[in-house]
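In what follows, a single structure is set out as structure tokens and then discussed.
Every read-out reported here was derived from the displayed coordinates using simple, explicitly stated rules and does not represent laboratory data. Remember, predicted model here, so these are calculated numbers, not experimental data. When we count neighbours, we look across all protein chains shown, and the Cβ atoms used for this are built from the backbone with ideal geometry, even at glycine.
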Amino acid sequence: MDKIYDVVIIGSGPAGLGAALYAGRAELDTIIIEKAPLSGGQIINTYEVDNYPGIPGISGFELGTKFREHCDRMDMNFITGEVVNFEVEDGIKIITLDDGTIYRGRTAIIATGANPRKLKIDGEERLAGMGVSYCATCDGAFFRNKITAVVGGGDVAVEDAIFLARLCKKVYVIHRRNKFRAVKSYINKLLSLENVEIIWDSVVEEIEGGEQVEKISVKNVKTGENTELLVDGIFIAIGNIPNSDVYKNIIRTDSNGYIVAGENCETNIPGVFAAGDVRTKELRQIITAASDGANSITAVEKYLSTL
């Protein structure tokens with residue numbers, strides 16, 4: 001008979017690694033499936049993490065590395081592969097990877113995170129990687145002393161603009177509303193920067209350029225006025241789309257695709273849990289994702305005790 005693990009953890013961002021650490025401490029027979037060969041999830045692309053307790057100013061890459069190293073000290077079992085099918089048969093969770101490999105678990109924790117949301121406008125796909133970016137800390141260095149634009153009004157957009165302002169000659173921040181949704185400390189910092197210009201009540205309608213971004217077309221949603229801005233790059237930070245498509249056939253999700261699960265991370269399927277950015281929650285941060293990892297293992301242990 002094929003091996004059946006106590007728990008299969010899908011994803012190796014802060015939620016998955018947090019779950020792995022707690023699973024190791026609980027001496028659960030565990031396997032962690034990660035899509036990319038580098039653990040850490042989105043945080044490895046974060047220039048600086050200043051809100052994780054005890055280690056202010058650490059880079060996202062370093063923090064992700066530390067998370068993984070902690071798990072490695074406990075000899076946790078990591079494998080690389082993309083999950084293409086998920087089903088439950090007689091209470092056993094069956095996970096199929098893109099290479100056809102199948103793993104089975106008494107429980108499963110879905111910690112697959114989310115991906116950047118796109119504008120879906122002309123020029124975005126064609127110029128992706130040629131001035132269109134979804135990660136300022138990944139690509140910002142390519143635009144040193146150049147002109148860039150950031151689209152969005154949340155924490156990520158404001159943080160990206162602050163980061164780019166350190167490198168770029170000028171940064172436009174384009175937001176469809178007349179106020180930011182970011183935390184006040186971020187907003188105050190952004191508004192204090194002389195090389196940042198805020199363009200309120202506006203959306204980007206087109207990205208233009210030959211082999212590189214050259215300009216963008218911006219429309220004021222209140223007046224209808226169109227403006228062209230000459231920019232070398234555009235950074236899109238308008239939220240994320242949860243990586244939940246594989247699981248929607250049996251697991252309940254909300255209208256935005258997030259897996260419905262509370263603080264104990266339990267889904268509508270017994271023995272299946274969702275942790276981190278992929279689940280419904282008010283705050284999506286590194287600390288809350290890691291917390292979900294711990295909570296999910298506590299719930300896993302309770303579930304296993306009933307079998």
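Descriptive notes on the structure:
- Restriction of the trypsin sites (Lys or Arg not before Pro) in segment 211-307 to DSSP coil positions whose beta-carbon has at most 15 other beta-carbons within 10 angstrom yields 222, 248, 252.
- In terms of distances greater than 21 angstrom between alpha carbons, the cross-link table entries 146/179; 120/219; 146/215 yield 146/179.
- Straight-distance crosslink candidates among lysines, where the alpha carbon sits under 20 Å from residue 302 and sequence neighbours closer than 8 are dropped: 93
- The Cβ shell under 10 Å around residue 187 holds other residues with a net charge of +3, Lys and Arg each +1, Asp and Glu each -1.
- Formal net charge of residues neighbouring residue 28 (Cβ-Cβ distance under 10 Å; K, R +1; D, E -1): -2
- For the peptides 9-16, 74-81, 93-100, residues were scored by their other Cβ atoms within 10 Å and the scores averaged per peptide; the highest-first order is 9-16, 93-100, 74-81.
- Isolated Cys in the chain, by beta carbon distance under 4.7 Å: 71, 168, 265
- Each of 117, 68, 106 was scored by other Cβ atoms within 10 Å of its Cβ. Listed from fewest to most, they are 117, 106, 68.
- Positive-pole candidate from 242, 267, 198, dipole of the chain, charges at beta carbon: 198
- Residue order, fewest to most surrounding Cβ atoms within 10 angstrom, among 8, 260: 260, 8
- The length gained by stretching the chain between residue 51 and residue 252 to full extension, at 0.36 nm per residue less their Cα-Cα distance, is 69.2 nm.
- Ordering 138, 265, 168 from the fewest to the most neighbouring beta carbons within 10 Å gives 138, 168, 265.
- Value of relative contact order over the chain, rounded to a whole percent, pairs C-alpha under 8 Å and six or more apart: 21
- Among 101, 46, 288: highest mean-square fluctuation, GNM of the chain, C-alpha pairs under 10 Å: 101
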